[in-house]
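The block underneath contains the structure these notes are about, expressed in structure tokens.
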Amino acid sequence: MNRNEACDIYTRLSGAYPDSLNTHHWCSTPYENLILTILSAQTTDNAVAQVKDALLSRFPTPESLAEGNIKEIEELIHRTGFYHTKALHIKSAAKVLVEKFGGVVPSDMDSLLTLPGVGRKTANIVLYKSFGKNEGIAIDTHVFRLAGRIGLSKSTSQDQVEVDLMKLYPNEIWGRLTDLFIAHGRRCCTARKPKCDICSVKKMCYYFSFMPRIS
Ligand code: SF4
């Protein structure tokens, strides 16, 4: 797929989901954004929203979370799944924030990647949502699935899919692209039963072109 076709897909999805700017909308500070994005791995926004208030009122700062009792943290985030690992990650990340960054969430990719539990996906989300920076494209499960189905990337590696998308799309829309793909993945191009008949980008979609049809 060339850049013009890829950008046409972006334009169509922008028209289809004008309300999709609010992915990861539950965060008001970089600290909240970082912690809640780590918790959002392998779970739903709803599960994160359910633990958010209790967690952040008990641990409102990196300093408080770094000193937090691990069992208490586990109980507070239990609903988000993988809570042993996630509790360890957010406590450790808070500790590094305090010890290395003066309790302030860094605003560059290299520093963010030194935090426990933070990979490129989380770092990209924090950079975009908290600092307005488009340094990469967050490849979550929806973005990964859509990139393959539509034909934007043939890779099975998340890192390579990110590189392929970065080549196809201009830098200034990278963050917005993730929001749109997540909206499309949730509402139309779902994992099990994509609703191709009503899809706004089906004419450009590799999967739609080749899927068997009952006549
Ligand atoms: S045509 Fe089907 S597979 Fe392709 S993007 Fe749309 S819903 Fe997904």
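What the table below lists for this structure:
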read-out	value
Residue within segment 165-179 that is within 16 Å of the ligand (Cβ to nearest atom) and at positive phi present	no
Output for segment 188-203, where each listed residue is out of contact with any Leu (no Cβ under 9 Å at 6 or more places or on another chain) and under 17 Å from Thr11 (Cα atoms)	Cys188, Ile198, Cys199, Lys202, Lys203
Test: residue in segment 156-169 that is in contact with a His (Cβ under 8 Å, 6 or more places away or on another chain) and assigned to a helix (DSSP H, G or I)	no
Evaluation of Glu162 against (1) closer than 19 Å to Asp8 by Cα; (2) within 16 Å of the ligand (Cβ to nearest atom); (3) surrounded by 15 or more Cβ atoms within 10 Å (Cβ to Cβ) (one fails), failing number	(2)
Helices (runs of 4 or more DSSP H) wholly inside segment 52-134 that include at least 3 residues being over 26 Å from Ile173 (Cα atoms) and in contact with a Pro (Cβ under 8 Å, 6 or more places away or on another chain)	83-101
Any hit, segment 28-40, residues being surrounded by fewer than 17 Cβ atoms within 10 Å (Cβ to Cβ) and within 17 Å of the chain's Cα centre (by Cα)	yes
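Computed from the coordinates by the stated procedures, all read-outs in this text should not be read as laboratory data. All values reported here derive from a predicted model rather than from experimental measurement. FYI the Cβ positions are ideal-geometry reconstructions off the backbone, even for glycines, and counts take in every protein chain you see.
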